[in-house]
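To start, the structure under review is shown below, and the notes come after it.
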Amino acid sequence: FDWDAAAELPDGRRIVVISPALNEAENVGAVIHAMPSEVDGHAVVPIVIDDASDDGTADVARKAGALVASLPIRRGGGLALRVGYDVALKLDADVVVTIDADGQHQPEEIPILVKPILDGEADHVNGSRMIGDFERESLIRHLGVHFFSRVVTILTGQRVTDISSGYRATRADTLRRLLLEQDQFWTSEVTIEALRNHARVVEVPVTFLTRRGGESKKPKSLRYGWNFSKAIVKTWLR
């Protein structure tokens, strides 16, 4: 990790934005450039977790102004996320945001995502395309979002509309209490763990676009659905 660069960060309140990235050199720079520099008196600090990319993702991210942690072995988005969370907490973040590096999430909407936390109304915020807007990629995946969101709603008693959204914001104090183990399909784990720890969880409307460039890292729909199901069950039963 770029600890020397991190040491030069100004003191004060921080929103750390974590972006796990695997071969996203085509997209990650634009994502970082589109982030606001501050939100409600909190400096926005972008951190890219490079999951052993071989296309220069880390270099592009640094040139765009992000701090970078490079993983030597590819293990998946869930592990990259945990590394990012650990770094964010060591940097004394007040709020930690996760955003995809492929351009599907809109960095300009970070203020919408963190507002319930900064206003003291929530501990964990899920950005939902289902109450916001989205460009549909696949009917099967769209139906899967509805199905799995309903499953988690039934299991937890908390209405969730977009359990597969990776666009999240979490209060740092809440994040420290979460037990996270999934190397893949981590989105349901974070929400279920937050609810298990009695966090105040809300959803806000956001916009999802289709991938701007490069190749998707998600497996085919049926395999994705099966593995997502297992992640929900494992998290719920442990």
Which ones in region 116-144 are crowded, with 18+ Cβ neighbours inside 10 Å and either in contact with a Lys or Arg (Cβ under 8 Å, 6 or more places away or on another chain) or free of Cβ contacts under 8 Å to residues at least 12 places away in the same chain (or both)? 117, 122, 123, 124, 125, 126, 127
Given the conditions (1) free of Cβ contacts under 8 Å to residues at least 40 places away in the same chain; (2) crowded, with 21+ Cβ neighbours inside 10 Å, and given that residue 93 satisfies all but one, which numbered condition is not satisfied? (1)
Condition check for residue 45: in contact with a Leu (Cβ under 7 Å, 6 or more places away or on another chain), open to solvent by less than 50 Å² (accessible area, probe 1.4 Å), modelled with pLDDT of 95 or more and part of a strand (DSSP E or B): yes
Applying the selection to region 4-27, what residues are in a helix (DSSP H, G or I) and touching a helix residue (DSSP H, G or I) at 6+ places or on another chain (Cβ under 9 Å)? 5, 6
Name the residue that is nearest to residue 25 (Cα to Cα), counting only residues in region 72-90 that are aliphatic (A, V, I, L, M) and surrounded by 18 or more Cβ atoms within 10 Å (Cβ to Cβ). 80
Scanning for something of a type outside the set (Gly, Ala, Ser), farther than 16 Å from residue 102 by Cα and open to solvent by 10 Å² or more (accessible area, probe 1.4 Å), does region 13-20 turn up at least one residue? yes
Could you give every pair whose Cβ atoms fall below 6 Å, whose first residue belongs to region 54-72 and is touching a residue at least 40 places away in the same chain (Cβ under 8 Å) and in a loop (DSSP other than H, G, I, E, B), and whose second residue is open to solvent by less than 50 Å² (accessible area, probe 1.4 Å) and aliphatic (A, V, I, L, M), counting only separations of at least 6 or pairs across chains? 66/32; 66/48
Kindly establish whether residue 30 is hydrophobic (A, V, I, L, M, F, W, C), part of a helix (DSSP H, G or I) and open to solvent by 50 Å² or more (accessible area, probe 1.4 Å). yes
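Is it the case that residue 103 is in contact with an Asp or Glu (Cβ under 7 Å, 6 or more places away or on another chain), open to solvent by less than 20 Å² (accessible area, probe 1.4 Å) and not hydrophobic (A, V, I, L, M, F, W, C)?
When the stated conditions are applied, residue 103 does not pass them.
Looking at residue 152, is it touching a residue at least 40 places away in the same chain (Cβ under 8 Å), out of contact with any Lys or Arg (no Cβ under 6 Å at 6 or more places or on another chain) and open to solvent by less than 30 Å² (accessible area, probe 1.4 Å)?
Here the answer is yes, as residue 152 does meet what is asked.
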Could you check region 179-224 and list, in sequence order, the residues that are modelled with pLDDT of 70 or more, in a helix (DSSP H, G or I) and closer than 22 Å to residue 80 by Cβ? 187, 188, 189, 190, 191, 192, 193, 194
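The values are calculated or read from the model by the stated rules, or taken from the named source; none is laboratory data. Because the structure is predicted, anything quoted here is derived from the model rather than measured. Cβ atoms come from the backbone with ideal geometry, glycine included; neighbour counts cover every protein chain shown. For the accessible areas, the whole protein counts, side chains as well, though only heavy atoms, and no ligand, DNA or RNA atoms are used. Shrake-Rupley method; radii C 1.70, N 1.55, O 1.52, S 1.80 Å.
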